[in-house]
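K.L.:
Take this structure, written in structure tokens, and hold onto it; I'll ask about it next.
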Amino acid sequence: MGTLIEIRDLAKTYERGKQKVEVLHHVNLDIAEGDFLALMGPSGSGKTTLLNLIGGLDAPSAGSIGVGGQRIDQLGAGALARWRASNVGFIFQFYNLMPMLSAQRNVELPLLLTKLSAAQRRKNASIALQLVGLADRASHKPGELSGGQQQRVAIARAIVSDPTLLVCDEPTGDLDRQSAEDVLGLLQQLNREHGKTIVMVTHDPKAAEYATHTLHLDKGTLVEQATA
Amino acid sequence: MKYLHLIWAALFRRKTRTLLTLVSIIAAFLLFGLLNSVRLAFSAGDSVDGAGRLIVNSRMSMQNPLPESLGARIATVPGVTAVASSNWFGGVYQDPRNQVVSFAVSQNYIDLYPEIVLPADQRAAWERTRTGAIVGAALAKKYGWKVGDKIPLQSTIFPSKASGNNTWTFDITGIFHAKSEQDAGREQLLLFHWKYFDENNAFGAGTVHWYVVKVADPAHADAVATTIDAISANSDHETKAQTEQAFQASFIKQLVNIGLIVVSIMGAVFFTLLLLTGNTMMQAVRERTSELAVLKTIGFSSRSVQVMVLAESVLLLLLGGLIGLAVVSLIVPGIGAASGGMIPVHGVSASTWVIGIALMLAIGVIVGWIPAWRAMRLNIVDALSGR
Ligand SMILES: Nc1ncnc2c1ncn2[C@@H]1O[C@H](COP(=O)(O)OP(=O)(O)O)[C@@H](O)[C@H]1O
Ligand SMILES: [Mg+2]
């Protein structure tokens, strides 16, 4: 399989007042299409920063990121938003669902940006909820669901518009062991059966076992290079 | 439109706070609807078409008298079926605080007011009695007056020749009732003979403050009014024929500047509303920071997030404002009736709706502007990490 993500000489600097802090230094990384990559490393090593750059949420200070041949570091804010909408699904540690909307409506959110009819949106969201095993909770609000269920709703939301790439920032960081295993199993299934390329940040070595590769980040530098 | 459910959900994320804010908006627009209806009622246009009765008074000022001889000339105008006259007396009873709305009128005055009901024998007695007065039932009840009573009134304006001071004596010869609830205001009146007023008035004679003119065809009242005013054109007593509502309005306008009152009250109310809803919207957006960041993460453009917040604030104002004006349109007819026609309001006019909706939109945009701008500028990465 080909390379989906090509990262070259990537650097990210934050400015804290007058002080400049380089959080990522000269990161070079290729991620193959269909890979399930776990990104590990101590707190503050730059994992979230790297993930946000890969997902097109932030712009690098130097270097390039290509995803599926598209140089996303060269896109403007509007184009980047459109690119995210059709190419990336996001899964966060704290689920980040809309508390006022039902599970169904939460999953439909990304589809509001497509040309699909209301009926089509409903149908696709139902299919996604079915895939994560929550068809019977479609009308529940996030507050009426357990943490594990909320994270599965978030996964349904991430996959509903059928993106090639899923980025997950400590998706099991807030879950008990059983729920974590459910979520990880689900991600693995999405990777194996649906061909999703997944980049997952995690603290937990057990979680990393579900991935096909693991990379370590330390003080903004990759310590082990992937050998795909 | 497909975002409407998102906007609605955001609006009612904090039900109590939103409802409290809504109540303030409803109250503000309720006040606006009422005050503006009153203001409009008192600034009625010049057209008199549709009026069965016209009031003719001096164009210069309401207190300016007209010659008594004018009545006969008005009666000759085609389309006029009857003319009565009335003078302002300015009576008080016993205490300056007890104002009695008292008019010195021509004998046919009550013929022009079928809404006033006076028994025939009392009418006859009044016509026979030079110092006779007929009083509305409500006024009679207020001071315990009965037919046959002799009552003194002080005129705040006119000295009496008979008493040598401002005290005038009247014999109550009749008590009249209003035909319907709507005209209950007329039961506050005291009417007496213009002849007695004219002869006994130490301030010269032969003048009338206003004429009441009955028009044959209300649809052509405008033409009749023009002809009446033409009689006195270029004289020292030019007239203005107008509807009773307009006459009442100009009467009250002499006492208070309604437009100024409405504008200053509403200015204060809307300023408070601006601060209150502005605060609500600021808070609402601040506590939704991470939700807005998620919308952007998913791919919603900064512009669409901005528009959604702005729409939320406009929706809030429209919701409260429209409810407020709807309530006004329900209660205003009741107020008009309860005031016995003194406050000539009947419903919420189209212009009140238009001004009201324009205010809702304007306040909605002003109040939503800064929160919407913040939502637009929101940095996803900072917001997600709680920075
Ligand atoms: N927006 C920012 N502004 C300033 N410093 C930041 C910002 N985002 C991250 N950092 C800093 O960059 C470093 C790496 O952060 P992060 O990528 O969140 O680490 P990790 O996810 O590995 O814990 C930390 O020291 C953090 O304080
Ligand atoms: Mg992190």
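The values are calculated or read from the model by the stated rules, or taken from the named source; none is laboratory data. As the structure is a computational prediction, the values presented were derived from the model and not from experiment. Using ideal geometry, Cβ is built from the backbone for each residue, glycine included, and neighbour counts are taken over all protein chains shown.
K.L.:
Of the residues in the stretch A:122-147, how many are of a type in the set (Gly, Ala, Ser) and surrounded by 21 or more Cβ atoms within 10 Å (Cβ to Cβ)?
P.N.:
Qualifying residue count for the region: 2.
K.L.:
Related question: I'm trying to understand the selection: among the residues of the stretch A:176-215, which are within 16 Å of ligand 2 (Cβ to nearest atom), over 16 Å from A:THR48 (Cα atoms) and out of contact with any Ser or Thr (no Cβ under 7 Å at 6 or more places or on another chain)?
P.N.:
Within the stretch A:176-215, none qualify.
K.L.:
Right, something else. Based on this model, can you work out whether B:THR297 counts as crowded, with 18+ Cβ neighbours inside 10 Å and more than 30 Å from A:GLY89 (Cβ to Cβ)?
P.N.:
Considered against the rule, which asks whether it is crowded, with 18+ Cβ neighbours inside 10 Å and more than 30 Å from A:GLY89 (Cβ to Cβ), B:THR297 comes out as no.
K.L.:
Next up: Within the stretch A:31-43, count every residue that is touching a Gly at 6+ places or on another chain (Cβ under 7 Å) and within 13 Å of ligand 2 (Cβ to nearest atom).
P.N.:
Count: 0.
K.L.:
Another question, if that's okay. For the stretch B:359-387, how many residues meet the condition of being assigned to a helix (DSSP H, G or I) and either more than 11 Å from B:LEU317 (Cβ to Cβ) or of a type in the set (Val, Ile, Thr) (or both)?
P.N.:
Total meeting the criteria: 18.
K.L.:
Quick check, is A:GLN74 more than 16 Å from ligand 2 (Cβ to nearest atom), over 21 Å from A:PHE36 (Cβ atoms) and buried (at least 21 other Cβ atoms within 10 Å of the Cβ)?
P.N.:
no
K.L.:
Residues A:GLY55, A:GLY41: which one is under 14 Å from the mean Cα position of the chain (by Cα), within 13 Å of ligand 1 (Cβ to nearest atom) and either buried (at least 17 other Cβ atoms within 10 Å of the Cβ) or facing chain B (nearest Cβ under 9 Å) (or both)?
P.N.:
Residue meeting the stated conditions: A:GLY55.
K.L.:
Count, please, the residues in the stretch A:148-190 that happen to be under 22 Å from A:ALA138 (Cβ atoms) and away from ligand 1 (no atom under 16 Å from the Cβ).
P.N.:
Looking only at that region, the number is 26.
K.L.:
Let me ask another. Just give me the residues in the stretch B:261-298 being of a type in the set (Asp, Glu) and under 30 Å from A:LEU165 (Cβ atoms), in sequence order.
P.N.:
Within the stretch B:261-298, B:GLU291 is the sole residue that qualifies.
K.L.:
Given the structure, is B:HIS237 more than 29 Å from B:LEU34 (Cβ to Cβ), touching a strand residue (DSSP E or B) at 6+ places or on another chain (Cβ under 8 Å) and touching a residue at least 40 places away in the same chain (Cβ under 8 Å)?
P.N.:
yes
K.L.:
Quickly run through the stretch A:88-107 and pick out the residues that are at the interface with another protein chain (Cβ under 9 Å from one of its Cβ atoms) and assigned to a helix (DSSP H, G or I).
P.N.:
The answer is A:ARG105, and nothing else.
K.L.:
Taking the stretch A:148-173 as the search range and keeping residues that are among the charged types (D, E, K, R) and closer than 19 Å to A:VAL201 by Cβ, which one is surrounded by the most Cβ atoms within 10 Å (Cβ to Cβ)?
P.N.:
This residue is A:ARG157.
K.L.:
A further question follows. Name the single residue, out of those in the stretch A:191-203 being surrounded by 21 or more Cβ atoms within 10 Å (Cβ to Cβ) and not polar (S, T, N, Q), that is nearest to ligand 1 (Cβ to nearest atom).
P.N.:
A:VAL201
Conditions tested, residue by residue: (1) in a helix (DSSP H, G or I); (2) more than 14 Å from chain A (Cβ to nearest Cβ); (3) among the aromatic types (Phe, Trp, Tyr).
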position: B:PHE247; (1), (2), (3): yes, yes, yes
position: B:PHE251; (1), (2), (3): yes, yes, yes
position: B:SER264; (1), (2), (3): yes, yes, no
position: B:LEU274; (1), (2), (3): yes, yes, no
position: B:LEU295; (1), (2), (3): yes, no, no
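K.L.:
Right, next: List pairs: first residue in the stretch B:363-387 and within 14 Å of chain A (Cβ to nearest Cβ), second residue of a type in the set (Asp, Glu) and within 16 Å of ligand 2 (Cβ to nearest atom) anywhere in the structure, Cβ distance under 7 angstrom, at least six positions apart or on different chains.
P.N.:
B:VAL381/A:ASP58
Each row is one residue, and each column tells you yes or no for (1) within 11 Å of ligand 1 (Cβ to nearest atom); (2) within 13 Å of another protein chain (Cβ to nearest Cβ).
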| position | (1), (2) |
| --- | --- |
| A:GLY2 | no, no |
| A:ILE5 | no, no |
| A:ARG8 | no, no |
| A:GLY17 | yes, no |
| A:ASP30 | no, no |
| A:GLU33 | no, no |
| A:THR48 | yes, yes |
| A:GLY69 | no, no |
| A:GLN74 | no, no |
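K.L.:
Any residue at all in the stretch A:44-57 that is hydrophobic (A, V, I, L, M, F, W, C), at pLDDT 95 or above and away from ligand 2 (no atom under 16 Å from the Cβ)?
P.N.:
There is no residue in the stretch A:44-57 that is hydrophobic (A, V, I, L, M, F, W, C), at pLDDT 95 or above and away from ligand 2 (no atom under 16 Å from the Cβ).
K.L.:
Return the residues of the stretch A:116-133 that are within 18 Å of B:LEU6 (Cβ to Cβ) and assigned to a loop (DSSP other than H, G, I, E, B); say none if nothing qualifies.
P.N.:
Within the stretch A:116-133, A:LEU116, A:SER117 qualify.
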